[in-house]
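*Asks:* Below you will find the structure I want to go over with you.
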């Protein structure tokens with residue numbers, strides 16, 4: 001495996017482009033760097049070349065792979081690979097606002113068709129395949145894992161409301 005050295009600026013650029021994928025949706029991510037004026041997204045194309053984006057993305061990890069606990073073993077985290085980013089976003093949200101009352105919890109479906117053990121299929125949703133996320137103001141959020149033991153014992157709504 002060839003080393004891919006990355007600067008802190010490039011990591012921020014990679015995250016920016018990934019956010020852009022959610023804001024400006026195109027049929028394929030490579031269209032962000034297209035030579036066709038109707039497809040190109042200048043904001044992404046200016047900050048990082050497509051080849052550099054792909055090189056960084058290929059080996060980019062947010063957690064230490066040696067610490068991964070396999071599914072079925074105690075301590076398994078279904079979102080292990082993105083846990084540090086998840087915790088960072090959640091921590092920053094809690095620093096900015098601490099709601100005291102009138103908290104509303106909602107569910108959202110994030111479109112996803114890749115390989116993931118907790119991916120859901122809900123026929124009636126606009127995007128039937130995806131990852132269910134329970135949220136409100138981003139004071140707290142929870143990625144729904146259908147296999148969680150605590151959810152099965154007390155019920156999903158109880159688990160969401162108490163966590």
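The values are calculated or read from the model by the stated rules, or taken from the named source; none is laboratory data. Keep in mind it's a predicted model, so treat the numbers as computed, not measured. Every residue, glycine among them, receives a Cβ derived from its backbone with ideal geometry; neighbour counts consider all protein chains shown.
*Asks:* Could you tell me which numbered condition residue 78 fails, if it satisfies all but one of (1) surrounded by fewer than 15 Cβ atoms within 10 Å (Cβ to Cβ); (2) under 28 Å from residue 135 (Cα atoms)?
*Replies:* So the condition that residue 78 fails would be (1).
*Asks:* Which ones in the stretch 7-22 are exposed (fewer than 15 other Cβ atoms within 10 Å of the Cβ) and either modelled with pLDDT of 85 or more or assigned by TED's automatic domain parsing to the domain that holds residue 111 (or both)?
*Replies:* Once the filter is applied, which keeps residues that are exposed (fewer than 15 other Cβ atoms within 10 Å of the Cβ) and either modelled with pLDDT of 85 or more or assigned by TED's automatic domain parsing to the domain that holds residue 111 (or both), the stretch 7-22 yields 7, 8, 9, 11, 12, 15, 16, 18, 19, 21.
*Asks:* Quick one: in the stretch 62-79, which of the residues that are at pLDDT below 90 and in contact with a helix residue (DSSP H, G or I) (Cβ under 7 Å, 6 or more places away or on another chain) is farthest from residue 12 (Cα to Cα)?
*Replies:* 77
*Asks:* Additional query: Looking at (1) within 18 Å of the chain's Cα centre (by Cα); (2) surrounded by 11 or more Cβ atoms within 10 Å (Cβ to Cβ); (3) farther than 23 Å from residue 143 by Cβ, which one does residue 57 not meet, given that it meets all the others?
*Replies:* (3)
*Asks:* Still on this structure: Could you figure out which of (1) loosely packed, with under 14 Cβ neighbours inside 10 Å; (2) at pLDDT below 90; (3) in the same structural domain as residue 116 (by TED's automatic domain parsing) isn't true of residue 84?
*Replies:* Unmet condition: (2).
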